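Engineer: Provided herewith is a single structure, encoded as structure tokens, for subsequent inquiry.
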Amino acid sequence: MLRFANQPKTTRTRRLTRDGRDSEGDAIRVEIYDPVTGKTIDTDVEVTLTLRLGSGRGNLSGGTATAVGGVATFADLSIDTPGLFTLEASSAGDKDTTVSQGFMVADTVETCTGPDCSFTETKGDHTYTTTPQQSRLGAEWASAANLPGVKVSCDFDPFFYSDDRQPNAIWYSYDDEDTQSAKEIQIVIHKSLVDQTPDNAPSDYRVAYSSPVRFTDRTGSPAREDPWPDGPSAYFGTTWFTGLLPDCDPQDPVAPCVLKWADDGGNRVATVLTPPGDPFIR
């Protein structure tokens, strides 16, 4: 049988996948073992890693290795596309397969370096800043915008915000272990894009939100299941829910909700509150 000796961790796009954050640590290893004794079998079979169905869409490099003493080491493993992934290990000599833990491949990977850390990513002229309300030193952060192959919009009843009104989709993971911090997210849409769309006052903008945790949408109803065959549910391999976020109650904000939309010299700035632990991957 097969088992992962160590687990892949979040890393940057096209960087080597290791068992430490951002290509640090050791190469990923898969062991061939005896399920009765639990001991590694001395074999030189070939082991193959693939991106499991339901994982992020991307191309995997370095996914084949020959075992030495029953351990296959993948020294050149990398993925060329941002997203959430799991790896499946298989071998022609074994009907058993095994799947790794999930991990993020992202354009930006950082760690929290102090008690008031926040994380900013720039894509084109737009910026995205996430500030944990209770940050933890050493927490792991990864961010990517507009993941290839996944559709996110609110073009369904009663929300008719079609794809051409979606400036960007932001995906992030923030792993703070037991802290499970709520987060305040600020999205800055550059005025060059604002000027291309009609009805572009701050009050005309909305925040489309997708989550594996069901939430209350702008109508006061439970958000509906992701309605698209190429939406987050298909991409991540589990049910996600989508809707427009309500405005926060200024006296008692309940996440997820929109704290405010504002004008900043022609830019449009959204500030959003997200709940603790919702989700590990956004």
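Engineer: Most exposed first by the Cβ proxy, i.e. fewest other Cβ within 10 Å, how do Arg21, Arg52 rank? Intermediate values should be presented prior to the final figure.
Structural biologist: On the way: Arg21 21, Arg52 17.
Ranked by crowding around the Cβ, least crowded first: Arg52, Arg21.
Engineer: Are there any GluC sites (Glu not before Pro) in the stretch 1-98 that are in a DSSP loop and have at most 14 other Cβ atoms within 10 Å? List them by number.
Structural biologist: In loop regions of the stretch 1-98 (DSSP not H, G, I, E or B), the sparsely surrounded GluC sites (Glu not before Pro) are Glu24.
Engineer: Here's a follow-up. Work out the charge dipole of the chain with +1 on the Cβ of Lys and Arg and -1 on the Cβ of Asp and Glu about the Cα centre, then indicate which of Gly20, Thr66, Pro275 is farthest towards its positive end.
Structural biologist: Thr66
Engineer: How much length, in nm to one decimal, is gained on full extension between Lys260 and Ser23, taken as 0.36 nm per residue of separation minus their Cα-Cα distance? The partial results should precede the final answer.
Structural biologist: Numbers: separation 237, 0.36 × 237 = 85.32 nm, distance 3.75 nm.
Here the answer is 81.6 nm.
Engineer: Based on Cα coordinates alone, diagonalise the gyration tensor for the stretch 96-174, multiply each eigenvalue by 5, take square roots, and list the semi-axes in whole Å, largest first.
Structural biologist: Result for the stretch 96-174: semi-axes of 27, 21, 12 Å.
Engineer: Still on this structure, please answer the following. For the stretch 176-257, state which trypsin sites (Lys or Arg not before Pro) are in a DSSP loop and have at most 11 other beta carbons lying within 10 Å of their beta carbon.
Structural biologist: Details: sites: Lys183, Lys191, Arg206, Arg214, Arg218, Arg224; in loops: Arg206, Arg214, Arg218.
The qualifying sites: there are none.
Engineer: Which of the cysteines found in the chain have nothing to pair with, since no other Cys Cβ lies under 4.7 Å from theirs?
Structural biologist: Singleton cysteines: Cys154.
Engineer: Further question on the same structure: Eigenvalues of the Cα gyration tensor times 5, then square-rooted: what semi-axes does that give for the stretch 27-175, in whole angstrom, largest first?
Structural biologist: 37, 21, 13
Engineer: Moving to a separate point now. What ranking of His190, His126 emerges when the number of other C-beta atoms within 10 Å of each C-beta is taken as an exposure proxy, fewest first?
Structural biologist: By the 10 Å Cβ count, ascending: His190, His126.
Engineer: Could you give the length gained on full extension between Gln251 and Thr120, defined as 0.36 nm per residue of separation minus the Cα-Cα distance, in nm?
Structural biologist: Extra length available between Gln251 and Thr120 comes to 44.4 nm.
Engineer: Looking at the chain as a GNM with Cα springs under 10 Å, which of Asp80, Asp44, Asp157 has the largest mean-square fluctuation?
Structural biologist: Taking springs between Cα atoms under 10 Å, the residue moving most is Asp157.
Engineer: Please find the FRET efficiency linking Thr37 to Thr239, where r is the Cβ-Cβ separation and R0 is fixed at 30 Å, and quote it to the nearest 0.05. Mind showing how you got there, number by number?
Structural biologist: On the way: r = 39 Å, r/R0 = 1.32.
Calculated transfer efficiency: 0.15.
Engineer: Let me ask you something else. Under 27 Å Cα-Cα from Lys9, which lysines qualify once same-chain neighbours fewer than 8 residues away are excluded?
Structural biologist: Leaving aside lysines fewer than 8 places away in the same chain, those within reach of Lys9 are Lys39, Lys95, Lys123, Lys151, Lys183.
Engineer: Moving on to the next point. For a test of the definition: using alpha carbon positions, the gyration tensor, and the 1.5 limit on a/c, classify the stretch 108-274 as rounded, prolate or oblate.
Structural biologist: The shape class here is rounded.
Engineer: Amide H to amide H, which residues 5 or more places from Arg18 or on other chains are under 5 Å from it, using H placed in the peptide plane?
Structural biologist: Amide H to amide H, under 5 Å and 5 or more residues apart or across chains, Arg18 pairs with Lys9, Ser23.
Engineer: Which option, (i) 19.5; (ii) 18.0; (iii) 20.4, is the value of Kirkwood radius over Cα pairs in Å that was calculated from these coordinates?
Structural biologist: It is the one labelled (iii).
Engineer: Treat the count of other C-beta atoms within 10 Å as a stand-in for reagent exposure and order Ile185, Ile79 from fewest to most.
Structural biologist: If I rank by nearby Cβ atoms, fewest first, I get Ile185, Ile79.
Engineer: Okay, moving on. Given the -39500 (n - 2.57) contribution per DSSP H run of 4+ residues, what per-residue ellipticity at 222 nm results for the chain, rounded to the nearest 500 deg cm²/dmol?
Structural biologist: The helix-only estimate for the chain comes to -500 deg cm²/dmol at 222 nm.
Engineer: Computed on alpha carbon atoms, what radius of gyration and Dmax characterise the stretch 8-64, expressed in Å?
Structural biologist: Over the stretch 8-64's Cα set, Rg and Dmax evaluate to 13.8, 39 Å.
Engineer: Something else about it: With each label point set 7 Å from Cα along the Cα-Cβ vector, what nm distance links Thr129 and Thr50?
Structural biologist: 4.5
Engineer: Right, something else. Which one of Val45, Val99, Pro35 has its Cα pushed farthest toward the positive end of the charge dipole of the stretch 2-105, where Lys and Arg give +1 and Asp and Glu give -1 at the Cβ?
Structural biologist: Value: Val99.
Engineer: Sticking with this structure for a sec: How far apart, in nm, are the 7 Å Cα→Cβ label points at Arg57 and Gln196?
Structural biologist: 2.1
Engineer: Still on this structure, I have one more. Please turn the phi angles of the stretch 56-61 into ³J(HN,Hα) values with the Karplus equation 6.51 cos²θ - 1.76 cosθ + 1.60 (θ = phi - 60°), one per residue in order, whole Hz, x for glycine and proline.
Structural biologist: x, 7, x, 10, 9, 10
Engineer: Relative to the compact-globule scaling 2.2 N^0.38 Å, provide the ratio for the alpha-carbon radius of gyration of the stretch 2-105. Let's see the in-between values first.
Structural biologist: On the way: Rg = 13.0 Å, N = 104, 2.2 N^0.38 = 12.8 Å.
Its radius of gyration relative to the 2.2 N^0.38 Å reference: 1.01.
Quick note: the coordinates plus some simple rules give every number you see, no bench work behind them. The structure presented is a predicted model; accordingly, all values stated were derived computationally and were not measured. Every residue, glycine among them, receives a Cβ derived from its backbone with ideal geometry; neighbour counts consider all protein chains shown.
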